[in-house]
Amino acid sequence: MKNKMIILLLMAAVAASCNKYLDKKNNTQLIVPNSLSDLQAILDNADQMNNSLTPSLGETSADDYFLERTIYNGLILGYQENYTWRYYFFPTENDWSFGYKPVYNANLALDLLKNIGRDAQNTTAWDNVKGSALFYRSYNFLNLLWNYAKAYDSASAGKDWGIALRLTSDFNVPTTRATNKECYEQVISDTKDCIPLLPDYPQAVTRPSKGAAYGLLARCYLSMRDYNDALLYADSCLKLNNQLMDLNGDGDIPAGISASYPFKQFNKETIFYSEMDGFPSFYYSSKSRVDTILYSLYADNDLRKSAYFKRNADTYQQFKGSYSASLACFSGIATDEMYLISAECYVRAGQVEKGLADLNALLSKRYKSGMFDPVGSISQTEALDTILNERRKELTKRGLRWMDLKRQNKEGANIVLKRVEDDGTYTLLPNTNFYALPIPEDIIKLTGMPQNDIE
Amino acid sequence: MYNKIIILFICLLACHCLKAQKPVSIHGIISDSSGSAIENASVKSISTQTGTFSNTNGFNIILRKLPDTLLISHIGYKSEYAVVKNTQPLHIVLTPVDDQLEDVDINTGYQKLKPNEINGSYVVIDNRMLNQQTGLNILDRLNGVTSSLLFNVGKHNPNPQSNTGITIRGLSTINGPLDPLIVVDNFIYDGDINNINPNDVESITVLKDAAAASIWGARAGNGVIVITTKKGKFNQQLQVDFNTDVIMTGKPNLFYNKQISVPDYINYEQFLFNQGYYDDVFTDYEHPPFAPALQVFEDKRNGLISAEDSASQINALKKIDSRSQYTKYYYRKGVIQQYALNLRGGSRNIGWLVAGDFDKDLNNLRASFNKINLRFENTYRPVKNMTISAGVYYTNSTNKSGLPDYTTLTTPDMQYIPYLNLVGPDGTNVAVPRYYDPRFIDTVGGGKLMNWNYYPLEDYKHNRYVTNTEEILAHIGMDYKIINGLDINLLYQYQKQNVKSSNIADTAGYYARNLINQFSQIDPSTGVVDYIIPMGGILSQSYDNLGSYNFRGQLNFDRTFGKHRITAIGGMEVRDEWEDGSSASYYGYNADPLTYTTNLDFNDYFPTVTGDYELLPGGNSLSPKTENRFVSFFANASYTYNRKYIVSGSVRRDGSNIFGANTNDKWKPLWSAGLGWDLSKESFYHLPLFSYLKLSATYGVSGNVDLTKTAQPVGSSGTNSLTGLKIIGIDQLNNPDLSWERSYQANFRLDFATAKNIVSGSIEYYRKNGKGLYAPTPFDYTTFGGTGTTITANAADMKGKGIDITLHSNNISRALTWTTDFLFDFNTSTTAKYYGSSATSVSALIGNGTSIMPVVGKPLYAIAAYRWGGLDAQGNPQGYLHDTLSEDYNAIQQNAYNNGIAGGSFKYIGSATPVTFGSILNSFSYKGFTLSFNIMYKFGYYLLRPSLSYYALAASGIAGTDYDKRWQQPGDEKKTNVPSFAYPLSAQRDQLYAGSEINIIKGDYIRLQFVNLSYSLLNNNSKRPFHSVQIYVNVANLGIIWRANKYHIDPDYVNTIPQPKIYTIGIKTNF
């Protein structure tokens, strides 16, 4: 009896001490990513790759909206400063951290991909992971550059500070700040590398595709004021998708343009889907009003007047035209933007007719049927002005205006921003240092990276 | 089921009463060794359990038959048995006990020990002490009667294993779980502690130091609470205990927190309204509700009502106070009824216990709770040297929700409205602004929608949360004596708890009406309504299943060889605990006849009446299964020489699957060692004052595991509802070096007793060192992005030290007995090492005190405050920048953050938890009456009192304590410290005042925790059906006797409402 007991006890001990017993995963939902499909799933996680992530502080600093003074007076610490181009610091969860979230995931996928061989069976999947990761990283680098670095200037790009080029998921590698030149070169070369790896059309527009990569390059070159290359890639992008929604009636505008949010999410114009982060919220919430000058630019027959805006009781307009079908501001790549890049670049290259053709193709879908007079027979300068105005009107609240202000001022547009408040009048002069927004102070302290000059 | 058991009990009782009897009367005297008579000694017949008390003339007792055995017992003396074979008078001599504590069993969960065999630090709360307090929760009964155990009140901690609020000897961790390990009988208990009925508990042992607790290994760092349940015994007559009581709770005092008066608040709203503060609310396309006064102001501005009408409407509103309304219509007196029946008995080879409990609770918000517990415990001795025990503990409880807490009845912007009528002039329950502007919902559907109002006094009837908890705790064990002194013990326990939560919302309630309305598709031309959500109720159900099994094999050795005594145990155990669940929603639900729909489209967006596109809420989901496994090996041994010297030690290794990455991390030896010396047994010892004196010292280490932490780079998976693609989210940055927290503790203990045990007790001094504690180490979030700015690492250290003193004195031991239990505890727990911004920035402590904020060298719960420079001539608050007065509030905050204390903007105040605490329990007994009352005290800590923030007042409708004392005109700055109102609102200006040193109060207080009065009647008359009856009355939460603050604030309830007084009346009978 007693011997049997001891044997039983010993057997239990041996069996249980077996490490296998302790190798049991402690949560069935926890996944240690290691397979290609896991890596693809990391990149498919729209909440960490697309939704509410691209920087918004440029948009909050730009001139497409304003706050009524009562609202301004009610803003808390930092928000007033941000709205009026004064130094601010938002600790913890902020624009910077949102922007680097997709960068981490992309880097993790790239790092883990090194452990997985590319073979005949997995070529497509492997390529898609690699191409997607490169795209996501570049896409977010570019957005961060537009906000946190000076406008690209080929003359000074080698000296101007860019952003932190994180190229690994290992948090032990210290973060350093690269120059604008290094940053833009990285974006361009990675995006070019991903083109052959990506499919022409994605399974869902939250995923990168060849079209998205062309669009990203068009955006990138445009912001560098390299209009020839921008034209080239906008054109390639439109070759894959040149569909436009007709505001007079379209399957992607199911309830008509007067609906609260008229445009379907993932509509036919969307090539790549992303949203600006909702931080701070005053730039897109019910607090925000559309700049009155901008609103006055829309003609009466322009259907965007009803599709984009809603009149408030205080007579000012509120924006409702996001391609997110919600309050969140769509910041992704869409065909309308490509038409406008193409139009602008043609005109800048002197091919005014071709440029206007692109513009008219877009506007014909934006005006009431039969009420649209195509733009024609105007000078290069007039054509450029018209296109830039149309760009602002079409792409309002897309996270592009801050970049446009920067590059247009570099071109000599001399746009002065001004906010008049109870506590003072604030102006932002063209090409001033504040166009490179302050990097969060805690990051500066932790990493020792140089802060942007704040006047 | 319940009825059957009662019938069974009645049958058993009937059998018991039918025995043949031949009574005889016996006389005896009881004295001590000097011959003086001992009064009030209990004399009890073993066979019938009837008894009496002695007086100076001895005692007379009627025995039903001879022979019989009498048990004579008296506090402070060893109990004696006297065999009665004939009717001769008896003379019984009682001898005083050396050490009264020797009678107490210390159950560590692995072995039962006598106090003089152990070097570690423990405290035993026996049944008598547990019954000093009433209520449904067993752990609550430890409050105020347990040395070194503190209930932290008003503190917040996000860790999921921090539910009890109990700390033993202060804190052992900064970010890890705070709960002590709860053990029921032999195994860790992870179920709902409310399942354990206090009537089924025999005693509780609290293991305090590392030597006592380290046998429990990696989860024992916060101390261990071992709950021992009642058991059947061999050779015991049938015993029936019946206990019932009624507990009544008063209404809470909603006026305890001073608030801005309603007329003042409406004037305040008017001012803000005139400034345009609310303008965006009126134009908000989401149509939020707003306070009734704002509607009046808006109507007047729009010319809809005249100035006179506006004034009269406003005056009417100013007469309403929501708190009166809630007190009158919302709250009721709460009533708890408890019934407990316990039968036990045993023969030579079988000991058994059957118990049934029923609790019924209707609280003051009309939530109900019903619970049934059933217990079966059996011990068999099938052959010599072997015992087998088996038992089942079954719990079934049902909780039905009542009214929601009134502070949650806010608008979606968290605005509380202080002037709401809940009942209209005609006595009907009225709607309040809650989710939408009432005028919007009146018109939006053009009459096609259901009523969209929210009725607070009606809604709870139509939106009920019903939670049913069922638990089975079953165990089987075998003990076999191999040779004399060595036995083997095998134990297995299985636990399963199923919690089913249902939310039944019918169309009379807001929840269902709101969803149906939101998704109603009204054809603008025909007016036909298409209901995406079918008309009818909504049933949401979720199931949460929790289970565990434990197996333990253990060898026990206990032998005495002359002057040498060795006790040792060694063994291994396996524990597997898991949890999973599921949820589902049913629309168009009707219970009888059963109808429901499941084929709703949960994947597409639908346009809503309020102008959004939304997904239907609900749908079916499965919770991931979590499973934690532990394998442990343990041993401890103690060697006693000549009953004077004790050397002891323990070792334990734990493995777990929580840290999957690195196998080396899975194994972690935890150990302890101790020395003890019974000084009073030495031949040279001759201190006449102390008859017993023992010194002991221990040192050891135990662990603390956060079951939610993991070292692996893990993601959680799912499906994106829009794209349908499989997704993985990396939730936390992996740290492959993550390990368990370690808590080292040294303990020095002195036990003593004076002659005849008039005063006995212990004094202990301990030092704790927490090493490798989990700490969110700030990291460069550029590397990971997202929401986190820190990574969890074993990066922090802490230091604690303290003194525990317990004293028990028998002040009077005559017909009247008076005993006093005195508890004194001193503890400090400070951060020793921490990284990141809060580590050196004392400014993080400004306005803090309710959560753990690690600052090196400061207590874990600590508080700091802005220096206060008074008000200027305009009533603006003034702070300091270095040593100059300043009104640059932004600069003051920056200066505090950047320059710390040296910047001169703020000062460190002190600990925010009591450094010194304890209690004094006095008990008086005379004849059958016992009166006891407990006084608790807490000293040496500071709190921030609620004051005034204009910003918060505008945003939330509360937080206006000091409003009537505010600066209003020049000269007021000499009389008040409350800043003037200024617009635009400035959160920083408000923060300076609210967080300044003038609003810090001392927390010190003395409180009368409870008073307990009982009357016991022992049976001297065999015709009565019972052996003893005890009637008791208890009053708890009697309030504060003394407090250091002058604001009449109860420091345990600074921002909340104090617990109302609780009255209990009950009866205990023994058959």
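Okay, here's what the table says:
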{"read-out": "Hits in the range A:175-211 (condition: small (Gly, Ala, Ser), at pLDDT 95 or above and either farther than 29 Å from residue A:158 by Cβ or assigned to a loop (DSSP other than H, G, I, E, B) (or both))", "value": "A:209, A:211"}
{"read-out": "Any hit, the range A:340-351, residues being in contact (Cβ under 8 Å) with a residue 12 or more places away in the chain, more than 14 Å from chain B (Cβ to nearest Cβ) and in a loop (DSSP other than H, G, I, E, B)", "value": "yes"}
{"read-out": "Positions within the range B:507-525 being hydrophobic (A, V, I, L, M, F, W, C) and out of contact with any Lys or Arg (no Cβ under 9 Å at 6 or more places or on another chain), in sequence order", "value": "B:512, B:515, B:516, B:519"}
{"read-out": "Tally of residues being closer than 13 Å to residue A:140 by Cβ and more than 10 Å from chain B (Cβ to nearest Cβ) across the range A:97-117", "value": "1"}
{"read-out": "Filter result for residue B:364 (surrounded by 16 or more Cβ atoms within 10 Å (Cβ to Cβ) and within 30 Å of residue B:228 (Cα to Cα))", "value": "no"}
{"read-out": "Total residues in the range B:162-184, condition under 19 Å from residue B:546 (Cα atoms) and modelled with pLDDT of 90 or more", "value": "5"}
{"read-out": "The listed residue being within 26 Å of residue B:760 (Cα to Cα), surrounded by 17 or more Cβ atoms within 10 Å (Cβ to Cβ) and modelled with pLDDT under 80, out of B:99, B:32", "value": "B:99"}
{"read-out": "Residue satisfying condition, being loosely packed, with under 14 Cβ neighbours inside 10 Å and either within 12 Å of chain A (Cβ to nearest Cβ) or at pLDDT below 85 (or both), within set B:599, B:628, B:657", "value": "B:599"}
{"read-out": "Selection within the range B:185-204 - closer than 10 Å to residue B:109 by Cα and either in a helix (DSSP H, G or I) or in contact with a helix residue (DSSP H, G or I) (Cβ under 9 Å, 6 or more places away or on another chain) (or both)", "value": "B:188"}
{"read-out": "Filtered residue count, the range B:990-1010, keeping only those that are in a strand (DSSP E or B) and of a type in the set (S, T, N, Q)", "value": "2"}
{"read-out": "Residues of the range B:741-787 classified as under 25 Å from residue B:706 (Cα atoms), more than 14 Å from chain A (Cβ to nearest Cβ) and either of a type in the set (Lys, Arg) or surrounded by fewer than 23 Cβ atoms within 10 Å (Cβ to Cβ) (or both), total", "value": "8"}
{"read-out": "Total residues in the range B:278-294, condition within 13 Å of another protein chain (Cβ to nearest Cβ) and touching a Pro at 6+ places or on another chain (Cβ under 9 Å)", "value": "3"}
{"read-out": "Some residue of the range B:385-393 being under 27 Å from residue B:457 (Cβ atoms), touching a residue at least 24 places away in the same chain (Cβ under 8 Å) and in a loop (DSSP other than H, G, I, E, B)", "value": "no"}
{"read-out": "Single condition residue A:445 does not satisfy, out of (1) among the basic types (Lys, Arg); (2) without any contact (Cβ under 8 Å) to a residue 24 or more places away in the chain; (3) more than 14 Å from every other protein chain (Cβ to nearest Cβ)", "value": "(3)"}
{"read-out": "Filter result for residue B:351 (in contact with a strand residue (DSSP E or B) (Cβ under 9 Å, 6 or more places away or on another chain), surrounded by 20 or more Cβ atoms within 10 Å (Cβ to Cβ), among the small types (Gly, Ala, Ser) and modelled with pLDDT of 90 or more)", "value": "yes"}
{"read-out": "Flag for residue A:59 being within 11 Å of another protein chain (Cβ to nearest Cβ) and at negative phi", "value": "no"}
{"read-out": "Hey, residue A:369 more than 14 Å from every other protein chain (Cβ to nearest Cβ), buried (at least 16 other Cβ atoms within 10 Å of the Cβ) and out of contact with any strand residue (DSSP E or B) (no Cβ under 7 Å at 6 or more places or on another chain) or not", "value": "no"}
{"read-out": "Exclusive hit being among the hydrophobic types (A, V, I, L, M, F, W, C), within 11 Å of another protein chain (Cβ to nearest Cβ) and either closer than 24 Å to residue A:403 by Cα or buried (at least 23 other Cβ atoms within 10 Å of the Cβ) (or both), set A:263, A:272, A:330", "value": "A:263"}
{"read-out": "Residue within the range B:527-539 that is within 30 Å of residue B:461 (Cα to Cα), modelled with pLDDT of 90 or more, more than 35 Å from the chain's Cα centre (by Cα) and in a strand (DSSP E or B) present", "value": "yes"}
{"read-out": "Answer from A:132, A:138, A:154 - the residue that is polar (S, T, N, Q), buried (at least 24 other Cβ atoms within 10 Å of the Cβ), in contact (Cβ under 8 Å) with a residue 40 or more places away in the chain and under 19 Å from residue A:229 (Cα atoms)", "value": "A:138"}
{"read-out": "Of residues in the range B:854-863 being in contact with a Phe, Trp or Tyr (Cβ under 8 Å, 6 or more places away or on another chain) and in a strand (DSSP E or B), the one surrounded by the fewest Cβ atoms within 10 Å (Cβ to Cβ)", "value": "B:856"}
{"read-out": "Test: residue A:250 is modelled with pLDDT of 95 or more and out of contact with any helix residue (DSSP H, G or I) (no Cβ under 7 Å at 6 or more places or on another chain)", "value": "no"}
{"read-out": "Among the residues listed as A:45, A:51, the single one being surrounded by 15 or more Cβ atoms within 10 Å (Cβ to Cβ), at pLDDT 90 or above and either over 30 Å from residue A:151 (Cα atoms) or at the interface with chain B (Cβ under 7 Å from one of its Cβ atoms) (or both)", "value": "A:45"}
{"read-out": "Residue match in the range B:789-805 (condition: of a type in the set (S, T, N, Q), more than 30 Å from residue B:206 (Cβ to Cβ) and either away from every other protein chain (no Cβ under 14 Å) or in a loop (DSSP other than H, G, I, E, B) (or both))", "value": "yes"}
{"read-out": "Which numbered condition residue B:827 misses (of (1) touching an Asp or Glu at 6+ places or on another chain (Cβ under 9 Å); (2) more than 23 Å from residue B:1002 (Cβ to Cβ); (3) not aromatic (Phe, Trp, Tyr))", "value": "(2)"}
{"read-out": "When residues of the range A:81-96 are limited to those that are more than 12 Å from residue A:57 (Cβ to Cβ) and at pLDDT 90 or above, the one farthest from the other protein chains (Cβ to nearest Cβ)", "value": "A:84"}
{"read-out": "Qualifying position, being assigned to a loop (DSSP other than H, G, I, E, B) and among the hydrophobic types (A, V, I, L, M, F, W, C), among A:75, A:112", "value": "A:75"}
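Yes/no per residue for (1) part of a strand (DSSP E or B); (2) modelled with pLDDT under 90:
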{"position": "B:819", "(1), (2)": "yes, no"}
{"position": "B:822", "(1), (2)": "yes, no"}
{"position": "B:828", "(1), (2)": "yes, no"}
{"position": "B:848", "(1), (2)": "no, yes"}
{"position": "B:852", "(1), (2)": "no, yes"}
{"position": "B:865", "(1), (2)": "yes, no"}
{"position": "B:873", "(1), (2)": "no, no"}
{"position": "B:890", "(1), (2)": "no, yes"}
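The values are calculated or read from the model by the stated rules, or taken from the named source; none is laboratory data. The shown structure was predicted, so the numbers you read here are calculated from the model rather than taken from an experiment. In this analysis, Cβ positions are derived from the backbone assuming ideal geometry, glycine residues included, and neighbour counts consider all displayed protein chains.
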